[in-house]
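The values are calculated or read from the model by the stated rules, or taken from the named source; none is laboratory data. It should be emphasised that the depicted structure is a prediction, and the values quoted were computed from it without experimental measurement. Using ideal geometry, Cβ is built from the backbone for each residue, glycine included, and neighbour counts are taken over all protein chains shown. The area values use the complete protein model at the heavy-atom level, side chains included, leaving out ligands, DNA and RNA. Shrake-Rupley method; radii C 1.70, N 1.55, O 1.52, S 1.80 Å.
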Amino acid sequence: MIVSKSFRWNECRSTAALVGALALMLSAQSQSNEDILDTFQMHGFLSQALIVTDNNNFFGPSSENEGSLEFTEVGLNASLRPHQNVLIAAQVLSRRAGGDISDANPVLDYGLIDYQLISNQQRTLGVQVGRFKNPLGFYNQTRDVAFTRPSILLPQSIYFDRTRSLALSGDGISLYHEARLSAGVVRTQVGIGQAQAGDDLQSALRLENVPGSLDAKQSAIGQIRYEHDGGRIIAALSAAQAKARFDSGTPQQPDIAFRFRPAVLSLQYNEELWSLTGEFALRSTKLGGVENPWVNDVTGESWYIQYTRRFANTWQWLARYDSLTNNRDDRSGRAFEESTGGAIPAHTQFADDLTFGLQWTPHPRIMLAGEYHHVDGTGWLPIRDNPDSSQTSRRWNMLLFQLSLRF
């Protein structure tokens, strides 16, 4: 559905009702009121960034004047245990990444009941009902909390910010299982539900000015993750299928069925003072109702390699190379450009990003970060910040500075 510009509780009404009903059903088996209140927790976070680019715009008019301050994240979450095997948790998120100030209106980021069917020393088996965060790659489930990210921006080839709503969360049911072995831990999670389809997806499909409605359809996601030797080696395989449909309100634009199938392989090696992380993804995209073979039924490729080094107790630096290709059969984007009659440049179909970053955490609740990006290509550049892609520059540089707080 198209996300409204007002406070978006309407989109979460069915999820909240389901969670509330299950909470009432479980209350009969709950602990005393005093014990329940002892389990109540509330936390929050705030991040504000300054973004400066020499060419192109990212999250606001970053190439103008002193840059853009239009990247702000504010979150408030709470949890409660009405029963030893039941957790009720929710988070409200206000996020602005360019666009209008109304984009920062709070939304339900997640809201669920987590019930553990089995919990012992060998294994845990549970179910989550409501709006859950999708287990895609290493960082998707906590991507909006700056303290959990290795950098201000996650690798954009895999963790797209310009179409984040589709991969972020789902409304439905999720099953998870954890098996504790002698050498490590195996975690499995599978979810089925309805994905989110926000304004970002409509903009990426270049339908923002076309009358009609964009509705998310039933989707599925799964991940298996293995942590060896206390997390020294971590490996994960994630796969998903997300669907949406655009019902056009004009005869000039046919209806469009959208299907996105990513598969992500994630690997990480950790030592006391450094970590080496890499992820590789294949992204299959199909657009029913679109005849252009260079955008319909194509497979994209994403990967990055990242090194982080911790020093002086409170500091960490990062170096990363991140690569995005929209179509493996047209890596240069030239065939795509020809198919548009030259209207959309070839460099919109790829992006290679060299990143250097630095984080300082003088207090567990305070973090300052800065990073530099040198980018060849505009494959992940937000379209609504750069509506005329023919005016974008292939090679561009970006500086980001961010202050993050949590409580």
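What the table shows:
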| read-out | value |
| --- | --- |
| Matching residues, region 86-106, being over 19 Å from Gln128 (Cβ atoms), of a type in the set (A, V, I, L, M) and in contact with a strand residue (DSSP E or B) (Cβ under 6 Å, 6 or more places away or on another chain) | Ala97, Ala104 |
| Hits in region 237-291 - residues which are open to solvent by 50 Å² or more (accessible area, probe 1.4 Å), farther than 30 Å from Ile305 by Cβ and in a strand (DSSP E or B) | Lys243, Arg245, Asp247 |
| Residue selected from region 147-187 under the condition open to solvent by 20 Å² or more (accessible area, probe 1.4 Å) and among the basic types (Lys, Arg), by the criterion farthest from the chain's Cα centre (by Cα) | Arg180 |
| Among the residues listed as Leu358, Leu368, Leu399, Leu354, the single one being in contact with a strand residue (DSSP E or B) (Cβ under 6 Å, 6 or more places away or on another chain), touching a residue at least 60 places away in the same chain (Cβ under 8 Å), outside any loop (DSSP other than H, G, I, E, B) and open to solvent by 40 Å² or more (accessible area, probe 1.4 Å) | Leu399 |
| Selection within region 101-119 - assigned to a strand (DSSP E or B), buried (at least 17 other Cβ atoms within 10 Å of the Cβ) and hydrophobic (A, V, I, L, M, F, W, C) | Val107, Leu108, Leu112, Ile113 |
| Scan of region 314-333 for residues that are closer than 17 Å to Ser151 by Cβ and in a strand (DSSP E or B), ordered by number | Trp315, Gln316, Trp317, Leu318, Ala319, Arg320, Tyr321, Asp322, Ser323, Leu324 |
| Residue within region 150-169 that is at pLDDT below 90, of a type in the set (S, T, N, Q) and not in a helix (DSSP H, G or I) present | yes |
| Qualifying residue in region 335-350 (condition: assigned to a strand (DSSP E or B) and crowded, with 19+ Cβ neighbours inside 10 Å) | yes |
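This table checks each residue for (1) in a loop (DSSP other than H, G, I, E, B); (2) open to solvent by 40 Å² or more (accessible area, probe 1.4 Å); (3) touching a His at 6+ places or on another chain (Cβ under 8 Å).
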| position | (1), (2), (3) |
| --- | --- |
| Asn65 | yes, yes, no |
| Phe71 | no, no, no |
| Asn77 | no, no, yes |
| Leu87 | no, yes, no |
| Gln91 | no, no, no |
| Ser94 | no, no, no |
| Gly99 | yes, no, no |
| Gln121 | yes, yes, no |
| Gln128 | no, no, no |
